[in-house]
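Written out below as structure tokens is the structure these notes cover.
Rule-based calculations on the coordinates, nothing more; no lab input. Everything quoted here is computed from the prediction, not taken from an experiment. Cβ placement follows ideal geometry from the backbone for every residue including glycine, while neighbour counts extend to all protein chains displayed.
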Amino acid sequence: MNKICSLLLVTFCTLQGFAQKNNYNLIIGTYTSPGKSEGIYLYSFDVNTAEFKFRTVAKDVTNPSYLAVSKDNKFVYSVAEAPGNSAVAAFAFDGVKGGFSFLNKQTTTSQGPCFVAANGKNVFSANYGGGSMSVFGIEKNGSLSPLKQLVQHTGKSIDPKKRQESAHAHQVQFTPDQKYIVCTDLGEDQVYLYNYDPASKAQVLTVKKTIKTTPGSGPRHLAFSPNGRFAYLAHEFNGSITVFTYANGNLNKIQEIGTVVKDFQGRIDGADIHVSPDGKFVYETNRGDANTISAFAVQPDGKLSFVETVSTMGKGPRNFSIDPTGKYLLVGHQYTNEVVIFERNKKTGTLKDTGKRIAIGAPVCLLFTAVK
């Protein structure tokens, strides 16, 4: 009898472990204004079947559009795009029980935070409206320290009608070696590389290098390859992708490739870019009048070759995410209020609509985390 009970217990634990490996947490940042959503949403997501289930929502922050999760999955940091009260917020996160606990928020002292990045010691926001970056320390309990540094961009570029009358920082992230910080500036047509001193109290970031992009292109989001050797930069205004090699804090351009047909008419509004977990494919979304996602195969030298462009099946594909196994690609549509789930062919890179949708108001940022 004891042997049977022991065998059943082992079987149960094995099945539980298998189920946990198939299930991930899906965290979604949204725009709460004008009232289509309530905050930061948490779903469970099965990477075998693309089945999902709502778990909870954190309602403590206005417009938590972009998010970052700590490496240990214990904390979530979000921007708070509140007019006149822009901030970054910190939450304790329990991925097993499925809960957020608001810790605190700190003002960015600069308007329009639109992207957030974090490591174990500091949190960074890219402030679109203010054309700057804000740097915060992380306290022992995961909460944010008061502002440590405000890094102000001051330039502009050639097209004031396309929001290039002043600096507009759009994304901030770490380089693969964790030694530098990269910031794209849509208003200046520049990419900044900053030296990173995590122990500094006031000068965490100092400029290492700036890279000029094609005038009027509007650099928006950049994604590194899993091996850390290449970087892919999506431009908002012309929808092009610039390919760079990366090493020791330096980006060197090797290719420029388009994402729309040459005779395309209308606004492109390039949005987001990601590399598949295996590093074999790059995907980029366009909003505006396009509402498409394009797939590119990565060649051995890092350059891209076109695979396909398909409709995202909605309007305003702001952000997308590929699940950790690479099987599904999820696109958040800001204006049609849903997440569209595509199945991804790992061999060809092509996408197939699963017909599954997550109904949610103004989704902007999608992040997968392990359940632990």
Which of the peptides 166-178, 116-128 is most tightly packed, and how do the rest follow, going by the mean number of other Cβ atoms within 10 Å of each residue? 116-128, 166-178
Order 102-111, 325-334 from most to least packed using the mean count of other Cβ atoms within 10 Å. 325-334, 102-111
Using only the Cα atoms, work out Rg/Rh for the stretch 67-212, with Rh taken as the Kirkwood radius, to two decimals. 0.98
What whole number of Å gives the distance from the Cα centroid of the stretch 64-131 to the Cα centroid of the stretch 249-298? 27 Å
How about the stretch 106-204: which GluC sites (Glu not before Pro) there lie in a loop by DSSP and see at most 14 other Cβ atoms within 10 Å? Glu139, Glu165
Taking Lys and Arg as +1 and Asp and Glu as -1, residues besides His153 with C-beta under 10 Å from its C-beta add up to -1
Straight-line reach check, Lys208, cutoff 16 Å on alpha carbons, 8 or more apart in-chain or any other chain, hits among lysines -> Lys179
Charges only on Cβ, +1 for Lys and Arg, -1 for Asp and Glu: so what's the dipole of the chain about the Cα centre, in debye to the nearest 20? 640 debye
For a quick check: sort Ile158, Ile27, Ile322 by the number of other beta carbons within 10 angstrom, fewest at the front. Ile158, Ile322, Ile27
Restricting to DSSP loop positions (anything but H, G, I, E, B) with no more than 16 other Cβ atoms inside 10 Å of their own Cβ, which trypsin sites (Lys or Arg not before Pro) remain in the stretch 181-256? Lys201, Arg229
Neighbour-count ranking [beta-carbon atoms within 10 angstrom, fewest first] of Val88, Val151: Val151, Val88
Counting sequence-distant residues (5 or more places) and residues on other chains, those with an amide H built under 5 Å from that of Leu67 are Val116
How large is the charge dipole for the stretch 67-212, taken about the Cα centre, if only the Cβ atoms of Lys, Arg (+1) and Asp, Glu (-1) carry charge, to the nearest 20 debye? 180 debye
